[in-house]
Every structure is written in C-alpha cells, then in structure tokens.
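Structure, as structure tokens:
Computed from the coordinates by the stated procedures, all read-outs in this text should not be read as laboratory data. What you see is a predicted model; the values in this text were computed from it and never measured. FYI the Cβ positions are ideal-geometry reconstructions off the backbone, even for glycines, and counts take in every protein chain you see.
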Amino acid sequence: MSTQSSSLDRVPDGPVGITILGATGSIGVSTLDVISRHPDKYRVIALTANQQVERLVSQCRDFEPQYAVLVDPDAADKASVQIKSAGLDTQVLSGIEGLEKVVALEETQQVMAAIVGAAGLRPTLAAAKAGKRILLANKEALVMSGKIFMDEIQSNNAELLPIDSEHNAIFQSMPSDYSKGLKTVGVKRILLTASGGPFREADVSTLGRVTPEQACNHPNWKMGKKISVDSATMMNKGLEVIEACWLFGTSPDKIQVVIHPESVIHSMVAYDDGSVLAQLGNPDMRTPIAHAMAWPERMSSGVADLDLFETSQLNFERPDMERFPCLQLAYNAMNQGGTAPAILNAANEVAVQAFLDNKISFIKIPNVIKITLDEIESAEALSLAAILAADASAREFAQSIVAGGMQ
Ligand code: NAD
Ligand code: MG
C-alpha cells in the first residue's frame, strides 16, 4: 500500500504540510485536534468543507491555512467575506476544482481524505495522481474505484495509509512486506472486528420503527450521520470488507467479520503458525489519525491510556447475516466485482439519506440496495468514466424506487 520512499523523506526541513478534505466533519475535527498538539511538526495548508461556513471560518481563524475551499459557491462567497473581515490571508476557492487544486499544491505533503461518500472520489484520486501521502478515511472512494485507485497510488509513487480504525489496526498487525502477497508472508486471514452497532441485540421485529436519532446513537463511537447509520445496518462493515480487499490485496473469503461489542480490539491478523496479532486501544479516531500522520514514527494523540482493568471483558460473536442483510450484500458485490461495489455504494448512499429524511424505514435500506443491484447491470470497472456512470445510474434508479415506494 505504501511505497518505498516516504513523502516525509522528500522534504527535509520544516513542518509537514497537510490538507484536510472534509475538515468540518468528525474526522476533520479530530485531525485538527491532533495537529494542534504538534504545531512544530505540522502546518495546515488547506481546509475544505461542503457548505459549513461558520465552522470552516472558525477553523481558519485557529489554523490560518493558505486556502479554504467550500464546494458550494454561495457558501464560498459568504466565507470569503468573513475571512477578509477577520483579517486573514486565507484564499477562498469553490467547487470540486478547488478541492483538486489544494490537494495537488507543492506545499501539501499529506492529504486527509475525510469527505463522506462518493463526493470524495475525485479529490482523493487527484491526491493520488499528485503523489501525496493519503490518509484515507473516505472508504467509499476506495469501494467505488478500488483497482483504479490502487493503480494511481502505485504509478505516482503516492502513499496510502488507512485511517479507518480496523484497517489501521490491520496495517499495524501486518508484516511490513505484506505487499508481496498475504500468502507469501504467512498471513492466513484477516479478522475484521465490528461493534454490531446500536441494534445488535434489539428485537428484529422492532427495527421497522427505529428513528434516525436511535440509529445514529452508536454505543462506542461518535461519528457523522452517514457512517453511523451504516454502522447500524452493518453496511459499514460490508464497505470495510471491500476496503480491506483493496488495501491488503486479498479476497472476501480471507476476511472474517467478528462482532466485538467493546470496540477495544480494532482488528486482527491471523498467521499460518497460529499467531493472531491485534491492535488495541480506546475507541478514539485520534489514534489511527496520529499513527498515519507520523508513520513510521509515533507521536502522542491525546487519547487516554487503555485501562484493561476497567475494560475487564472482551466478547466476540459471529455476525447475524439475517439481522444485517447489508453485510451479505457487500460480500456479494465484491465477489461479483467490476462496478458492482460502486452500484452498492451509490444505492446505499441514497437509501441512507432517504432514511435520515424519514422517507423510508430502517429495514427498507437493504431492500433499496438489493433491488438496485439486481436491476443495474455491473460492467468492468476499467475507467473512472465507467465507475461514475454506474454510480449515476444506480443513484437515479435507487431514487426512483424510494420515490415510488417500490421498496
Ligand atoms: P461527517 O459527515 O462528520 O463529515 C463529512 C465532511 O465531508 C464534512 O466536512 C463535509 O463538509 C464534507 N462533505 C460532505 N459532502 C461533501 C461534498 N459533496 N463535497 C465536499 N465535501 C463534502 O463524516 P465523518 O464521520 O467525518 O466521515 C468522513 C469519512 O470518514 C467517511 O467516509 C466515513 O466513512 C469515514 N470514517 C469516519 C469515521 C468516524 O469516526 N467518523 C471512522 C472511520 C471512517
Ligand atoms: Mg471502521
């Protein structure tokens, strides 16, 4: 995943320049918290958001980046006025072009890819093309475009370090030469842990009535709404199975999902000799963020020490595929290959938004995805155009079934 030369090696002096895509979100805010602990080591080059003017401007006051990007042009105009009146030198850009520009700046050495959903694909690919160190939180980008994305990383000598806590844990538990192939380095399988979300033990007959607030109330992690709903359906784990296949060059049958409600073990790697290596910690995203920023070194993250006496028990269960049909749908899409994962992802984004907007019930989310996967034929995912076309037709079809009540 990471190539031989580190981008940290390329610039000998001064703090490392970092650009944050999705600075106003949960991961963006945690990243800024880590940066604020190491002002000598990191400086913020650009901060970006979709349309959250107030929060982005306040972050600009605190971190004084060279650029701020708001994708929404009206929001960019508003931010520009506020930034000027605050006496800041930050230049405000808008549109996807603005995102693509700031990731490729020479001063940008690391890019935190923390936009939610398919919207992150183009700027994250632009960071890969520009040969940057990518700290990847935006799993949807990799799910959609796995092969193209990994090829761009390779051919542009970029680095890809996983932020998703499970993948970061797997990375930490893998031998350093795992890119030779898992079989070659003696890795038998990956044990991908999952909390099981807020409805792990709920009576299945009540799931049709759960509200967006209940679905977003994750027992262990405080996250954005979309990933919180994905955790409640376990589509998040499905997307993570696909993400792990691309990051570690393996297939879904080598990835075992393990329900671990305490979220203390963040994932494990099982070896041929019977060893199982794990990474543990408190469930706080600042650990994987600090790990990926500092890699191959280590630095403090602000996360409290893990107290095993306080934790006391670690539990494990098999996932219940009937309670969580989204997990099976994701395995199926990855096994099918081509544009099927992009179709799965697009239908899921539409279904989750429809649930958050109270247009469909929680248990209809997998139905929308399944009907869309059955209807939209998958094709080979050889170009970005093919992937974006699959994404667009799946979105349109999923919207039509949400609107028509066909689910
Ligand atoms: P969030 O909803 O809190 O934040 C999303 C960010 O993306 C915001 O800054 C928003 O302005 C920006 N954004 C949204 N739509 C956009 C668009 N169309 N164009 C440009 N920017 C846009 O989300 P989050 O919880 O921080 O998650 C971000 C990503 O990280 C997701 O892919 C998620 O799966 C992944 N992730 C999050 C966590 C977590 O703990 N929150 C853990 C693992 C992985
Ligand atoms: Mg995760």
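Using only the Cα atoms of the range 1-151, build the gyration tensor, take square roots of its eigenvalues as a ≥ b ≥ c, and label the shape rounded, prolate or oblate: rounded if a/c is under 1.5, else prolate if a/b is larger than b/c, else oblate.
Working: a/c = 1.87, a/b = 1.26, b/c = 1.48.
In terms of gyration-tensor shape, oblate.
Please report the net charge: other residues with Cβ closer than 14 Å to the Cβ of Ile360, K and R +1, D and E -1. Don't jump to the answer; show the numbers that get you there.
On the way: positive: Arg209, Lys359, Lys364, Lys370; negative: Glu349, Asp357.
Counting the neighbours of Ile360, the net charge comes to +2.
So, by mean Cβ neighbours within 10 angstrom, what's the order for 332-341, 225-234 with the highest one leading? Could you put the intermediate results ahead of the total?
On the way: 332-341: 20.5, 225-234: 24.8.
Order by mean packing, descending: 225-234, 332-341.
Have a look at Glu100, Glu380, Glu349 and tell me which one the Gaussian network model of the chain (Cα, springs below 10 Å) gives the largest fluctuation.
Glu380
When a/c reaches 1.5 or more, the comparison of a/b and b/c decides; with that in mind, is the chain rounded, prolate or oblate per its Cα gyration tensor? The partial results should precede the final answer.
Details: a/c = 1.41, a/b = 1.16, b/c = 1.22.
Since a/c stays below 1.5, the shape of the chain is classed as rounded.
Listing Asp305, Asp253 from the residue with the fewest other Cβ atoms within 10 Å to the one with the most, what is the order? Walk me through the numbers before you get to the answer.
Working: Asp305 7, Asp253 10.
By the 10 Å Cβ count, ascending, the order reads Asp305, Asp253.
So which lysines can Lys222 reach, going by Cα to Cα under 20 Å and dropping same-chain residues fewer than 8 places off?
Lys139, Lys237
Tabulate in residue order the Karplus-calculated ³J(HN,Hα) for the range 56-69, using 6.51 cos²θ - 1.76 cosθ + 1.60 with θ = phi - 60°, rounded to whole Hz; enter x for Gly and Pro.
Couplings: 5, 5, 5, 5, 5, 4, 6, 10, 6, x, 6, 10, 10, 10 Hz.
Given bins 10 angstrom wide, list per bin the percent of all Cα-Cα distances in the range 337-402, short to long.
Spelled out per bin, shortest first, that is 26, 52, 19, 3.
Give a quick list of GluC sites (Glu not before Pro) in the range 167-270 that DSSP marks as loop, anything other than H, G, I, E or B, with at most 15 other Cβ atoms within 10 Å. Don't skip to the answer; put the middle values down first.
Values: sites: Glu201, Glu213, Glu240, Glu243, Glu262; in loops: Glu201, Glu262.
Loop-located and lightly packed - Glu201.
Label the range 114-253 by shape, choosing from rounded, prolate and oblate, from the square roots a ≥ b ≥ c of the eigenvalues of the Cα gyration tensor; if a/c is under 1.5 it is rounded, and otherwise prolate applies when a/b is larger than b/c, oblate when it is not.
Numbers: a/c = 2.60, a/b = 1.56, b/c = 1.67.
Judged from the Cα gyration tensor, the range 114-253 comes out oblate (a/c at least 1.5, b/c at or above a/b).
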